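The values are calculated or read from the model by the stated rules, or taken from the named source; none is laboratory data. Note that the coordinates shown come from a computational prediction; the quantities given were computed from them, not determined experimentally. Backbone-built Cβ (ideal geometry, glycine too); neighbour counts: all protein chains shown.
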Amino acid sequence: MNDVVDIAILGAGAVGQLICHQLVTAGMNVGFIGRNALRPSQQTLSFTPLVSANNCQQQPQEIHYSVPIFAADALDNIRLVIVCVKAYQVLDALAPLLKHLPSQCHILLLHNGMGPHLALAPLIDGQAGGRGLSLGTTSQGVLRQTRWQIKQTGQGLTQFGHFAGLPLDEHYRRALLHAIPGSEWVDAIIPCLWQKLAVNATINPLTAIHNCNNGTLAQPKFYDTISNILDELVNVATHDGISLDRHYVQERVYRVIELTAANYSSMHQDIAHQRRTEIDQINGYICERAKAHNLSAPANTKVWGLVKQLEAEHHRGIS
Ligand code: PAF
C-alpha cells in the first residue's frame with residue numbers, strides 16, 4: 001500500500017475537519033497544511049458521528065485519530081489541495097503556497113459564498129505543468145466543539161465540478177465521491193454554487209440580524225424579505241448567464257430551513273463569537289454582480305449593510 005500523503009487540506013475549521021475525517025475513514029492519506037508550521041507534526045482529531053434516526057437511544061461513540069500537519073514549504077508529494085478556509089481567506093492563504101506545490105497539483109475550493117474562484121483561475125490556468133481548479137459546495141452540517149473536536153449535525157448534498165485548467169485526475173475524483181456520503185460530480189458547478197448561494201444569502205444574514213435559529217425563518221413575517229433576496233439573486237444570475245428555476249430555488253431555501261430548524265447558521269455563530277463573516281462573498285457578491293450589470297439589488301444591499309454594521313459594532317466593542 002502507498003503511504004505517501006498526497007492530499008492536503010488547507011483550513012482546519014469544522015468543514016475541513018469533517019472532510020478530513022471522511023477521507024481518512026475511506027482509507028486515504030490526508031494531512032493539513034499548517035500555514036505557520038515550521039516543521040511537520042501530528043495532530044489528534046476527535047469526531048462525533050451523527051445519531052442515526054433509527055438508533056437515537058444510543059450515544060454516538062467519539063472517534064479519535066491522528067493526522068499529519070505539513071510545513072507550508074514541504075508539499076512536494078501533494079497532488080490535491082482541498083481549500084476549506086473562509087471565502088475571504090482563500091487568496092491570502094493559497095497564493096503564497098502555489099510556489100511550493102508541485103506543478104501538477106490540483107486545487108479544489110470548498111467554501112460558502114462566491115468570488116475567490118474568479119481571482120484564482122488566472123493564477124491556475126496559465127501555470128506550466130497543467131494545474132487545475134475545481135469548485136465544490138457542501139450542505140453537511142458540522143459543529144466545531146473545541147479546536148480539534150467536531151460533531152456532525154446533519155447529512156447533506158456535496159457537489160463538485162471542474163472550473164479551470166486541467167480536470168481533476170479520475171483517481172481523486174472517484175476517491176472523493178467514495179469517501180464523502182451524498183456527494184456527486186456535476187458537469188456544471190457554477191449553477192450549483194448559485195443555488196447554494198441562495199440558501200446562504202437568505203438564511204445566514206437573516207439569522208444573524210434577527211439573532212435566531214434557522215427554523216425561525218419559517219415564520220410568515222420573513223417571507224417577503226426572503227422572496228425579495230431571491231428575486232434579485234435569480235435576476236443577477238440570469239444576467240451572469242446562469243438560468244435558475246426561481247420556484248425551485250425558494251423551495252430549496254425553505255427545505256433547508258426545515259431540515260436545519262434547530263441549527264444556528266455559520267453567520268449567526270460568526271457574529272455571536274465576534275468573528276468576521278462571509279457576507280461580502282454572499283450578499284456582497286450578489287450586489288457586486290448586480291452593479292456589473294447595472295441592476296439594483298436593494299434587499300441584498302440592505303442585509304449586506306446590516307451585517308457589516310453588526311461586524312463593525314463588535315469591532316468597536318459594542319454589544
Ligand atoms: O452556513 C450555514 O450555516 C449553512 O450553509 C446553512 C445551510 C445555511 C445551514 O445553517
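Consider the range 102-119 and keep the residues that are in a strand (DSSP E or B) and away from the ligand (no atom under 16 Å from the Cβ). The one that is nearest to D280 (Cα to Cα) is L108. In the range 245-273, which residue that is free of Cβ contacts under 8 Å to residues at least 24 places away in the same chain and in a loop (DSSP other than H, G, I, E, B) is nearest to the ligand (Cβ to nearest atom)? So, considering only residues that are free of Cβ contacts under 8 Å to residues at least 24 places away in the same chain and in a loop (DSSP other than H, G, I, E, B), the one nearest to the ligand (Cβ to nearest atom) is H273.
Being within 24 Å of Q155 (Cβ to Cβ) and within 16 Å of the ligand (Cβ to nearest atom), is that true of even one residue in the range 276-299? Steps first, please.
Taking the range 276-299 first, the residues within 24 Å of Q155 (Cβ to Cβ) are 278, 282.
Add one more test, that the residue is within 16 Å of the ligand (Cβ to nearest atom), and what stays is 278, 282.
The answer is yes, given that some residue of the range 276-299 is within 24 Å of Q155 (Cβ to Cβ) and within 16 Å of the ligand (Cβ to nearest atom).
Scan the range 244-256 and give yes if some residue there is modelled with pLDDT under 95 and crowded, with 18+ Cβ neighbours inside 10 Å, otherwise no. Within the range 244-256, one or more residues are modelled with pLDDT under 95 and crowded, with 18+ Cβ neighbours inside 10 Å.
Count of the range 282-301 residues, restricted to those that are closer than 20 Å to G115 by Cβ, part of a helix (DSSP H, G or I) and of a type outside the set (S, T, Y), is 11.
When A218 is tested against (1) away from the ligand (no atom under 16 Å from the Cβ); (2) among the small types (G, A, S); (3) at negative phi, exactly one condition is not met: (1). Looking at I242, I180, just one residue is assigned by TED's automatic domain parsing to the domain that holds G136, more than 15 Å from the ligand (Cβ to nearest atom) and within 25 Å of L109 (Cα to Cα), and that residue is I180.
Of the listed requirements (1) free of Cβ contacts under 8 Å to residues at least 40 places away in the same chain; (2) closer than 15 Å to F32 by Cα, L80 misses just one: (1). Any residue at all in the range 230-238 that is among the small types (G, A, S), touching a residue at least 40 places away in the same chain (Cβ under 8 Å), away from the ligand (no atom under 16 Å from the Cβ) and more than 30 Å from L18 (Cα to Cα)? Yes, there is a match, as at least one residue in the range 230-238 is among the small types (G, A, S), touching a residue at least 40 places away in the same chain (Cβ under 8 Å), away from the ligand (no atom under 16 Å from the Cβ) and more than 30 Å from L18 (Cα to Cα).
The criterion of at least 3 residues that are at pLDDT 85 or above and surrounded by 20 or more Cβ atoms within 10 Å (Cβ to Cβ) is met, among strands (runs of 3 or more DSSP E) falling completely within the range 120-173, by 132-138, 158-165.
Consider the range 200-215 and keep the residues that are crowded, with 22+ Cβ neighbours inside 10 Å and not polar (S, T, N, Q). The one that is nearest to the ligand (Cβ to nearest atom) is I203.
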